[in-house]
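One structure is given here, and the rest of the page talks about it.
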Protein chains: 2
Amino acid sequence: MQNPSEIVSQVRDSVTHAAASAAAEATTVSTVVSSQVGDFIRTQRNAAQVSLRELARSAGVSNPYLSQVERGLRKPSAEILAQIARGLKISAETLYEQAGILDRRSGTPDTVTAIRSDPALSERHKAVLLDLYESLADSTASPPTPQHAPLSTKEEHP
Amino acid sequence: MQNPSEIVSQVRDSVTHAAASAAAEATTVSTVVSSQVGDFIRTQRNAAQVSLRELARSAGVSNPYLSQVERGLRKPSAEILAQIARGLKISAETLYEQAGILDRRSGTPDTVTAIRSDPALSERHKAVLLDLYESLADSTASPPTPQHAPLSTKEEHP
DNA sequence: GCTCCCCGCTTGCAGGAGCAAGCAGGCGGG
DNA sequence: CCCGCCTGCTTGCTCCTGCAAGCGGGGAGC
């Protein structure tokens with residue numbers, strides 16, 4: 001049997017927890033969840049002319065599950081996400097970003113500068129890469145990532 | 001009622017699946033990983049002189065669960081990982097890396113990172129550029145991609 | 001001595017991830 | 001015509017994540 005006072009102690013603990021989780025909810029974007037990832041995956045898959053089952057196979061996941069993921073009925077774990085990324089030949093970071101579990105690599109990377117200053121490339125090769133980059137980047141308009149910032153750095157005290 | 005032939009068709013599908021998952025299991029490191037993250041988290045927490053309950057509160061997770069995570073009994077999701085990272089004031093990438101759901105970008109030159117995170121490029125184009133980069137870059141200068149690879153490249157047909 | 005408060009850990013349960021199995025429909029060839 | 005093979009979707013199950021509640025213990029104040 002416990003003393004009433006001890007019980008009170010436990011209760012206070014719980015209350016503190018409740019308050020904390022409430023606060024956490026206030027600061028966390030969370031719930032929106034985003035079928036974003038699913039749409040993105042499906043888009044990428046279609047762009048690559050790959051069937052659902054094919055991708056499922058190469059990614060090592062079951063085809064029904066992939067189907068559900070693409071339609072936003074299921075929220076895939078990071079591991080599954082990484083495997084799908086591998087199957088799609090894209091970077092896991094991109095998918096994590098889409099899933100809202102990673103911030104955008106802030107600070108525009110400036111690929112051109114990186115290529116120009118890359119010691120592993122000869123000048124000729126730099127030219128080739130830059131030329132290709134120019135043709136691929138296209139850059140019509142510039143809608144570069146709206147920055148909704150899902151789980152980004154927050155202020156501790158406002 | 002179904003025709004036997006159709007059933008056979010279904011069966012073939014299942015068999016293919018079984019083979020695929022077997023292959024996946026063969027090439028995936030999988031289960032070993034986990035406790036790494038827990039140790040890392042606990043180390044970081046102790047280094048910061050923070051109690052378990054405190055971190056749990058600031059990270060927005062329950063204290064018992066954090067306890068289990070630190071001792072490797074539970075495998076936290078990426079979301080939880082990101083929250084813990086926030087509570088510890090460290091980057092989510094670091095924790096993902098420890099959890100084995102993100103490859104180390106250590107050896108990779110800046111150009112690769114720049115391309116990967118370039119908003120002006122589609123994922124397809126990134127793949128193209130990275131592929132070309134790989135073939136152009138001087139291999140003597142940098143030993144690229146260590147590839148310990150928990151979720152790394154896999155053969156299509158063994 | 002005894003309370004009070006903190007520490008970390010254990011337990012039982014709700015809910016969701018992920019898969020095996022099965023289903024409906026479209027298309028080419030015997 | 002209908003058989004085989006593809007496409008994607010739905011269902012029922014198992015396993016595990018994540019939390020609320022409770023436990024035992026150690027140090028400070030009375």
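The values are calculated or read from the model by the stated rules, or taken from the named source; none is laboratory data. This structure is a prediction, so every number in the text was calculated from the model and none was measured. Ideal geometry is used to build each Cβ from the backbone, glycine not excepted, and the neighbour counts take in all protein chains shown. SASA here: full protein model, heavy atoms, side chains in, ligands and nucleic acids out. Shrake-Rupley method; radii C 1.70, N 1.55, O 1.52, S 1.80 Å.
Worth pointing out:
- For A:86-98, mean number of other protein chain Cβ atoms within 10 Å: 5
- A versus B: buried accessible surface, summed, Å² (probe 1.4 Å, to nearest 100): 4700
- Taking 0.36 nm per residue of separation and subtracting the Cα-Cα distance, full extension of the segment from B:S122 to B:K89 would add 8.7 nm.
- Residues of the range A:43-84 buried by at least 50 Å² of accessible area upon assembly of all protein chains, compared with the chain on its own (1.4 Å probe): A:R57, A:E79.
- Cα shape, the range B:32-99, gyration tensor, a/c 1.5 rule: rounded
- For the residues of B:121-131, the average number of beta carbons from a partner chain within 10 Å of their own beta carbon is 6.
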